[in-house]
Each structure stands twice: as C-alpha cells, then as structure tokens.
1. Would you point out the residue of segment 36-80, among those that are closer than 21 Å to Ser26 by Cβ and hydroxyl-bearing (Ser, Thr, Tyr), that is nearest to the chain's Cα centre (by Cα)?
2. Could you tell me how many of the residues in segment 1-28 are surrounded by 13 or more Cβ atoms within 10 Å (Cβ to Cβ) and charged (D, E, K, R)?
3. Please enumerate the residues belonging to segment 42-65 that are of a type in the set (A, V, I, L, M) and without any contact (Cβ under 8 Å) to a residue 24 or more places away in the chain.
4. Can you pull out every residue in segment 29-62 that is assigned to a loop (DSSP other than H, G, I, E, B), among the hydrophobic types (A, V, I, L, M, F, W, C) and loosely packed, with under 13 Cβ neighbours inside 10 Å?
Amino acid sequence: MPNIKSAKKRVRIIEKKTAQNTAIKSQFKTAIKKFEEANEAGAANVKELLAAAKKALDKAATKGIITKQTAARRKSRLDLAAAKGSAKVAEEKPAKKTAAKKTTTAKKTTAKKTTKKAEKVEE
C-alpha cells in the first residue's frame, strides 16, 4: 500500500477504471455469446443480436479497451458466422450442381492443352 497521498489517489483511480473496463469487456463478451447461441439455434432475432454485438465491440474500441483492428476482426468473424447461420437454412433446399460441372470442364481443357504440348514436343 502506498504512503504518499497522490499514490493513494492513483490506486483508487486505477481500481475504478479497472472496474469500468471489466464491465465493458463483459458486456461485449456477453453480447457475442448471445448472438452465437441464437445463431446456432436459428432464432429470429439474430440480426438484432448481431447489431448489439457490433455496437458493444465498437464501444469497447472507442474506449480503448480493445484496439480498432481487434474490433474489426471480431465483427468480421461475426458477419461470417451470421452468413453461415443463414446458409444452414439454405442448405435444406437442394443445391445446384453447376459448380461441380465447371470444375470438371476446366480439368478437361487443361488436359487437352497438355496433350497438344506433348504432341508438339514429339514432332
């Protein structure tokens, strides 16, 4: 424990700021968890929870609790999770097989090119 008056005051201030920072950190973690649980369950209020989580992350970044880049990265991951969550609903419908056809045709054309090159080398 400090003996000097100003050092005692700094300890009180640091305790107060630490409590505030912990509360804000807890808020955005809770908001993220609520969103993730709702997203997995396929709840109807996923968009509102996503907005609340993003707002909490922005608030933490503004206060300097996390960096702006960390907030941006976490928001991006939340967006990806939301997209995957909505994709789960879309997976129930049969998917088109056009993507698989495109990859097979690409393989055929590259095979033709390599055989033509081999024929030129042999001649």
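1. The residue in question is Thr70.
2. Going residue by residue through segment 1-28, those that are surrounded by 13 or more Cβ atoms within 10 Å (Cβ to Cβ) are 21, 24-25, 27-28.
Right, trim to charged (D, E, K, R) and you get 25.
Residues meeting the conditions: 1.
3. Of segment 42-65, the ones of a type in the set (A, V, I, L, M) are 43-44, 46, 49-53, 56-57, 60-61, 65.
Correct list: Ala43, Ala44, Leu49, Ala51, Ala52, Ala61.
4. Filtering segment 29-62 for residues assigned to a loop (DSSP other than H, G, I, E, B) gives 42-45.
Adding the requirement that they be among the hydrophobic types (A, V, I, L, M, F, W, C) leaves 43-44.
Across segment 29-62, the qualifying residue is only Ala44.
Throughout, read-outs are computed from the coordinates displayed, never taken from laboratory work. Source: prediction; values computed, not measured. Neighbour counts are summed over all protein chains in view; Cβ atoms, including those assigned to glycine, are modelled from backbone coordinates with ideal geometry.
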